[in-house]
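A.B. asks: Here it is: the structure, laid out below.
The values are calculated or read from the model by the stated rules, or taken from the named source; none is laboratory data. Since the structure is predicted, the reported quantities are computational estimates derived from the model, not experimental observations. Neighbour counts run over all protein chains shown; Cβ positions are idealised from the backbone, glycine included. What goes into the accessible areas is simple: the full protein's heavy atoms, side chains included, and nothing from ligands, DNA or RNA. Shrake-Rupley method; radii C 1.70, N 1.55, O 1.52, S 1.80 Å.
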Amino acid sequence: MKGAGERFRIFVETYFPEDYHPFADRLWELRNAIVHSFNPGPFFGLTFHASRVHLKSPSGQVILNAEDLFAAFLFASRAYFDSLPNDLKLQDNFQKRVAATDGGAPETFLVQQHPRVK
């Protein structure tokens, strides 16, 4: 089974709009920096309401505009889920990932509240 980083890069290169493909490795690093330390890391600058600078590097650092990045995530997720019903290998991989202990399978928790004492 492929590691998380490799799966992420393949996902970007397969489902994201083409202008993101050269940044697949850097987007993996961005993901890790945001998840683990809530910062964009060294490769990207983040902005919002500034589509004109999205994926540009005026000062050597690639700028991501939040709304455009969000739109790319929506585009990619739609493309992935559109492919899922017709791709047996993708379905198999999906089932394996969801069933894995670190794969995102829904967990059921029982929450009980003791009755109030009167």
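A.B. asks: Going by alpha carbons, how many degrees (0 to 90, nearest 10) lie between the helix axis of 88-99 and the longest principal axis of the chain?
C.D. replies: That works out to roughly 60 degrees.
A.B. asks: Could you give the nm distance between label points at residue 56 and residue 2, where each point is 7 Å from its Cα heading toward the beta carbon?
C.D. replies: Inter-label distance under the simple model: 3.3 nm.
A.B. asks: Next question, about the same structure. Take residue 86 and residue 14, extend 7 Å from each Cα along the Cα→Cβ direction, and tell me the distance between the two endpoints in nm.
C.D. replies: 1.5
A.B. asks: Per residue, what accessible area does the chain have, given a 1.4 Å probe and all protein chains present, in Å²? Kindly include the intermediate steps, with their values, before the conclusion.
C.D. replies: Numbers: 9000 Å² over 118 residues.
About 76 Å² of surface per residue is accessible.
A.B. asks: Further question on the same structure: Using amide H atoms built in the peptide plane, which far-off residues or other-chain residues are under 5 Å from residue 64 H to H?
C.D. replies: Excluding prolines and chain starts, which carry no amide H, the hits are 45, 46, 47, 55.
A.B. asks: Order the following by accessible area, largest value first: 38, 23. Probe radius 1.4 Å; ligands, DNA and RNA are ignored. All intermediate terms of the calculation are to be shown ahead of the outcome.
C.D. replies: Details: 38 180, 23 35 Å².
The residues order as 38, 23, largest area first.
A.B. asks: Any idea what the dipole of the chain comes to, in debye rounded to 20, about its Cα centre with Lys/Arg Cβ at +1 and Asp/Glu Cβ at -1? Write down the numbers at each step before the final one.
C.D. replies: Values: 13 positive and 13 negative charges, 99 e Å.
Dipole about the Cα centre, nearest 20: 480 debye.
A.B. asks: Give the cross-link partners of residue 89 among the aspartates and glutamates, using a straight C-alpha distance below 19 Å as the criterion and excluding same-chain residues fewer than 8 apart.
C.D. replies: 6, 13
A.B. asks: Ignoring any ligand, DNA or RNA, what whole percent of the accessible area of the chain comes from carbon and sulfur when the probe is 1.4 angstrom? Can you show the working numbers first?
C.D. replies: Numbers: 5200 of 9000 Å².
Heavy-atom surface of the chain belonging to carbon and sulfur, 1.4 Å probe: 58 percent.
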